[in-house]
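Participant: Following this message is one structure expressed as structure tokens.
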Amino acid sequence: MNGRCLNEEQLIELYYAENDSVDARTHLAGCQTCQNAFANICNELVEIDMQVPDGGHRAVSEALCMISRQQQAPANDTIMTIDEVAQWLKVSYHNVNNMLHLLPHFIIDGQIRFNRRLLENHLFKNRAEAEKKAPDQPSLRPIALKRVV
């Protein structure tokens, strides 16, 4: 072990990918003493199942993996911009902007926002009411023609 060797704290930071120092990684790759110390620390941490420090790269990676494994709840309560609503409804931005007086929305810091759940409820409620008011439409079945002889 020389004066440039990594201490235990630096090796633990390398284990948890909290230290992105190129110098430390270069030194570890070329120093057999540090490689042995790093291997011992890795074995100890695996055995005691040490908690990952907050904010560590591995902590974030593992959290993201756990989240992706969970079944995602429907994103019905998301907040949407006017562009997102236009894309969701497959209409232009201008159409949504012109229909603002008909759609439930709110304004935060001068920006128009929509709650997706409230917007869905509003649209489905209006559709159901329109279907009730619409007159019965004739069937689109082909009409059998009588043959006159």
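Participant: Restricting region 77-93 to residues that are surrounded by fewer than 13 Cβ atoms within 10 Å (Cβ to Cβ) and either modelled with pLDDT under 90 or hydroxyl-bearing (Ser, Thr, Tyr) (or both), which is nearest to ARG117 (Cα to Cα)? Explain how you work it out, then say what you get.
Facilitator: At the first step, the residues of region 77-93 found to be surrounded by fewer than 13 Cβ atoms within 10 Å (Cβ to Cβ) are 77-79, 83, 90, 92.
Still in the list and also either modelled with pLDDT under 90 or hydroxyl-bearing (Ser, Thr, Tyr) (or both): 77-78, 92.
Working: ASP77: 5, THR78: 7, SER92: 21 Å.
The extreme case among them is ASP77.
Participant: In addition: ARG58 passes all but one of (1) outside any loop (DSSP other than H, G, I, E, B); (2) modelled with pLDDT of 75 or more; which number fails?
Facilitator: Failing condition for ARG58: (2).
Participant: How about region 11-43: which of its residues are part of a helix (DSSP H, G or I), closer than 22 Å to GLU62 by Cβ and under 35 Å from the mean Cα position of the chain (by Cα)?
Facilitator: The answer is LEU11, ILE12, GLU13, LEU14, TYR15, ARG25, ILE41, CYS42, ASN43.
Participant: Further question: Do the conditions hold for ASN97, that is, is it modelled with pLDDT of 85 or more and not β-branched (Val, Ile, Thr)?
Facilitator: Values: modelled with pLDDT of 85 or more: yes; not β-branched (Val, Ile, Thr): yes.
Here the answer is yes, as ASN97 does meet what is asked.
Participant: Only one of these conditions is not met by PRO74: (1) closer than 30 Å to GLU120 by Cα; (2) at pLDDT 85 or above. Which number is it?
Facilitator: Just one mismatch for PRO74, condition (2).
The values are calculated or read from the model by the stated rules, or taken from the named source; none is laboratory data. Keep in mind that what you see is a predicted model, and the values were worked out from it rather than measured. Quick reminder, even Gly has a Cβ in these numbers, built from the backbone with ideal geometry, and neighbours come from all protein chains shown.
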